[in-house]
């Protein structure tokens, strides 16, 4: 199996993994169970409290649930603003990363030359990495807040636990990071090495200088050998071509008789 075919299959696998990771991260924005808490009463009924980035909800064993959106955006805490912004940035970056990777993959043949495809795929892999890290920061910050409130003995309000959205988000973020890292490694190795090799060839390419009718070819000296000064070749008077005039002979009419 050729090297290009192996790289193509690696790109397809990484793209599919990143796509699943992006879907998991995007689905957490609509999931209501970021945090949840269960409160039992003397009666058989049990109340469940859960919340996410957008609203707080409560439900009981009878199946009745009620949700309330956060009343004012300006009255929200800075923590909630940061988590909202990072989660939305993660989804947007994942979308653009998918577009770049789809254009630059070897199996699509949309980007153009092999070097251009490798560079576009490398940009898509780096964007996937940024998307994964943004999502990982969101879920880690949220989980750390829930944990710190739960273990704090001085916290008198209702304590919550990790919801299903955090675990889904962690899994999706890890898929984005690992697959984006592999994609960036292989595509960057191909695209950046070709760029460096072409620049080295252009630096070591010989050039010619014509002086006084002669032609001398000089190689650019390497930095390890020191600086070599090219010697100038001066044309001598003896080496120059001189135009000689041949004497013309005159013929008379009697010579042809």
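The values are calculated or read from the model by the stated rules, or taken from the named source; none is laboratory data. Remember, it's a predicted structure, so these values are computed and weren't measured experimentally. All Cβ positions, glycine included, derive from the backbone under ideal geometry; neighbour counts span all protein chains shown.
Odds and ends about this structure:
- Residue check for residue 58: free of Cβ contacts under 8 Å to residues at least 60 places away in the same chain, in contact with a helix residue (DSSP H, G or I) (Cβ under 8 Å, 6 or more places away or on another chain) and surrounded by 12 or more Cβ atoms within 10 Å (Cβ to Cβ): no
- Residue 143 vs. criteria part of a helix (DSSP H, G or I) and without any contact (Cβ under 8 Å) to a residue 60 or more places away in the chain: yes
- Test: residue in region 185-193 that is surrounded by fewer than 20 Cβ atoms within 10 Å (Cβ to Cβ), at pLDDT below 90 and either outside any helix (DSSP H, G or I) or more than 20 Å from the chain's Cα centre (by Cα) (or both): no
- Only one entry in 82, 138 is within 24 Å of residue 48 (Cβ to Cβ) and either over 23 Å from the mean Cα position of the chain (by Cα) or modelled with pLDDT of 90 or more (or both), namely 138.
- Only one entry of 163, 132, 98, 143 meets the criterion of being surrounded by 22 or more Cβ atoms within 10 Å (Cβ to Cβ) and touching a helix residue (DSSP H, G or I) at 6+ places or on another chain (Cβ under 8 Å), and that entry is 132.
- Residue, surrounded by the fewest Cβ atoms within 10 Å (Cβ to Cβ), within region 101-114, restricted to residues that are assigned to a helix (DSSP H, G or I) and touching a residue at least 24 places away in the same chain (Cβ under 8 Å): 114
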